[in-house]
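See below for the structure under consideration.
Every read-out reported here was derived from the displayed coordinates using simple, explicitly stated rules and does not represent laboratory data. The model shown is predicted, which means the values in this text are computed figures rather than measured ones. Note that we place each Cβ from the backbone using ideal geometry, even for glycine, and neighbour counts take in every protein chain shown.
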Amino acid sequence: MRVHLSSDLKRGKKVQIFVDGETVEAFAGETIAAALLASGIKRFRYTRKKGDPRGIFCGMGVCFECLVTVNGESNVRACLTPVVDGMKIDTKSGWLAHES
């Protein structure tokens, strides 16, 4: 079954977030993960041991694959955290990026 989104889909107020120093448009009410995916960013971090890319997996905060750093705070789950205007996100660091 194919689902078509309505052209009158209502989104929250436009906000700007900064991802790895680049400006990204987001909408109030959506998560960091949703904003990153909508802007074409699928990789949120790399594993330390093998350098494997990681991004959103479970989408509900259980797997911890989507960890990013937000405004200097490490280990923030992108799938659960709503965007805030002016938020600074670093996709290259986070708890699992420093795994042994």
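Please report the antiparallel percentage of DSSP beta bridges with both residues in region 14-98, rounded to the nearest 5. Let's see the in-between values first.
Details: 14 of 16 bridges.
Of the beta bridges lying entirely in region 14-98, close to 90 percent run antiparallel.
Of all the Cα-Cα pairs you can form in region 14-98, what percent are over 16 Å apart?
Details: 1537 of 3570 pairs.
It works out to 43 percent of all Cα pairs.
Suppose each label sits 7 Å from its Cα in the direction of the beta carbon; what would the residue 85-residue 14 distance come out to in nanometres?
It is 1.3 nm.
Over region 14-98, how many pairs of lysines fall under 19 Å by alpha carbon, counting only those 8 or more apart in sequence or from different chains? Don't jump to the answer; show the numbers that get you there.
Numbers: 14/88; 42/50; 42/88; 42/92; 49/92; 50/92.
For region 14-98, the number of qualifying lysine pairs is 6.
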